Amino acid sequence: MFTGFGQVTGQFLTYDAFINLLNSRAFVDDAYAQYGGKLWWSAALSLLLLLGIGLPARGRLALPNWLAPVPYVVVASIAAILFLRGGEGARGLPASYPTLAYASLYGIEFALSPNRIREGVYLQRTSEPVDHIVLVIDESVSGHYLDINSPSGVETGLSRQWPGITISNFGVVPSITNCSIGSNLALRFGGTRENYRNRIAAGPSIWAFAKSAGMKTVYIDAQRTGGALHNGMNDEEVALIDRFFQFDDEPVLTRDSRVAEQIAIEVSKPEPSFIVANKVGAHFPVHDKFPDEYMTYRPTLPRGQFTDVSDTGNREGFDGSAESWRQYRNAYRNTIAWNVGAFFDRLLATADLSSSALIYTSDHGQNLREDGSSGLSTHCNADPGGSEGAVPLVYIAGADVLPLAKEIRGNGSHYRIFPTLLRLMGYDPKRAQQIYGPDLSDTSEEPETFNTRFNARLGQLPQWQSIDAETLLIPDDQDAEN
Ligand SMILES: [Zn+2]
């Protein structure tokens, strides 16, 4: 495990990364599909060691019995050091020790963590909810690649005028973190900068609030199929969802169109509803996530290898060179034109949003090596630059819903979405903001930072990375041939 992680990422396996791996165990087959060669190589190296241990000993050295527990003492000592230093302190040790020590530490943490009972809804409602409330969480869409945020950005339809709705653009805002699971969990449980672990562990979910407000709950998941759950969702949470949609028979290419269609159907129903959608968006691989008619930006990545893949794939043929990344960025733009642009064209042209409020964002941004650096990963990096946390944030109000100003800067972030949803559901906004922080109608300034140590524990604090202009990698206008 330790060697495999190093082979794949080129980074040291920290305790935070170890926990991320454990939490992502449902995707072990995807990891194998993507990094099989490297994992086999790591296994071969480890087997060599096993073989060495298994060889019959010649000239056996007679060690006294009292030395037998030494390996256990070593692992226990490292675990103790890790405990005292918040998971840090295993760098430079032989590969056999850190993972065992991490596993021991995780076991201890697990055994000592109280089995907490999730709280019920504790807020009072002071008004009727908006008829339909929609939260669209896109996948891997960088805010600064969209036309609403950059003059050379990809056309999304959000910059046009649409009859009967007001579109408010908050610009490029910080996500919660730069990995899907953390952002999605904190969005659904109202995590704040100061208190997200408790909220996720024992707070009521947004579904509970919606149901308590008398709304039907709808979850549209375009990423997984066959009822598979992701982004930290479990059966306890699913039990609060009235209608759960996945599109098993729909090709990945057209699943986001189905999301638009389904939202249009849901908001046309007379009963009030709260809808969350996880889109396909623009996760790696982006070779085939747009139809030929959307191949506007060229040269793009070779086509045809990844038509069935939602979000992982063998990276063969993608060498991480500057030219590969240039093609990647072009394919990424084509993907955005289709999965964001055509999505909104379809949604805004077909759905009657007059009594709806819709919030659009992405789970995290992307590092697309605009600076010419090499590497393979686009997000979830341990030491990311600003781009991995730079996401779009748009609020769309139908004619019957109180609109916000059209251009708003400086007070947007993922953290303001949950209290905004509560306000839309009719919960006492004053009380909601005391608990969940300011919402999107609040003009106070919001820090421009996202959390790069989401699994902070053992006394460690979250680490905050800025998304200001200096840390963002700006896309090169020269990527595309004219
Ligand atoms: Zn993601």
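The values are calculated or read from the model by the stated rules, or taken from the named source; none is laboratory data. Note that the structure is a prediction, hence the values are computed from the model and not measured. Cβ coordinates were reconstructed from backbone atoms using ideal geometry, including for glycine residues, and neighbour counts include every protein chain displayed. Note: areas computed on protein heavy atoms with side chains; ligands, DNA, RNA excluded. Shrake-Rupley method; radii C 1.70, N 1.55, O 1.52, S 1.80 Å.
Worth a mention:
- Over segment 198-254, the pair-distance histogram of Cα-Cα distances with 10 Å bins from zero comes to 20, 48, 26, 6 percent, rounded to whole numbers.
- For segment 225-310: rounded, prolate or oblate by the Cα gyration tensor [a/c cutoff 1.5]: prolate
- With N counted as the residues of segment 356-418, its alpha-carbon radius of gyration over 2.2 N^0.38 Å works out to 1.46.
- Whole-Å semi-axes of the ellipsoid equivalent to segment 1-152 (Cα gyration tensor, √5λ, descending): 45, 25, 14
- DSSP-defined beta bridges in the chain - what % are antiparallel, rounded to 5: 40 percent
- Carbon plus sulfur fraction of accessible area for the chain, probe 1.4 Å, in percent: 56 percent
- At a probe radius of 1.4 angstrom, the accessible area of the chain per residue rounds to 45 square angstrom.
- Highest average first, the peptides 74-87, 128-141 ordered by how many other beta carbon atoms sit within 10 Å of their residues are 128-141, 74-87.
- A Cα-only calculation for segment 334-482 places Rg and Dmax at 18.0, 54 Å.
- Size of electric dipole in the chain: Cβ of Lys, Arg +1 and of Asp, Glu -1, about Cα centre, debye, nearest 20: 1660 debye
- FRET efficiency, GLN478 to TRP162 (Cβ-Cβ, R0 45 Å, nearest 0.05): 0.85
- Descending principal axes extents, the chain, alpha-carbon based, whole Å: 87, 57, 43
- Stokes-Einstein translational diffusion, segment 51-128 - Kirkwood Rh over all Cα pairs, 1.002 mPa s, 20 °C, in µm²/s: 128 µm²/s
- Fraction of alpha-carbon pairs over 18 Å apart in segment 297-418 - percent: 65 percent
- Against the chain, whose longest principal axis comes from its Cα atoms, helix 322-336 is set at around 40 degrees.
- In loop segments of segment 407-460 as defined by DSSP, the GluC sites (Glu not before Pro) with at most 11 further C-beta atoms inside 10 Å of their C-beta are GLU445.
- Descending principal axes extents, segment 127-267, alpha-carbon based, whole Å: 43, 39, 35
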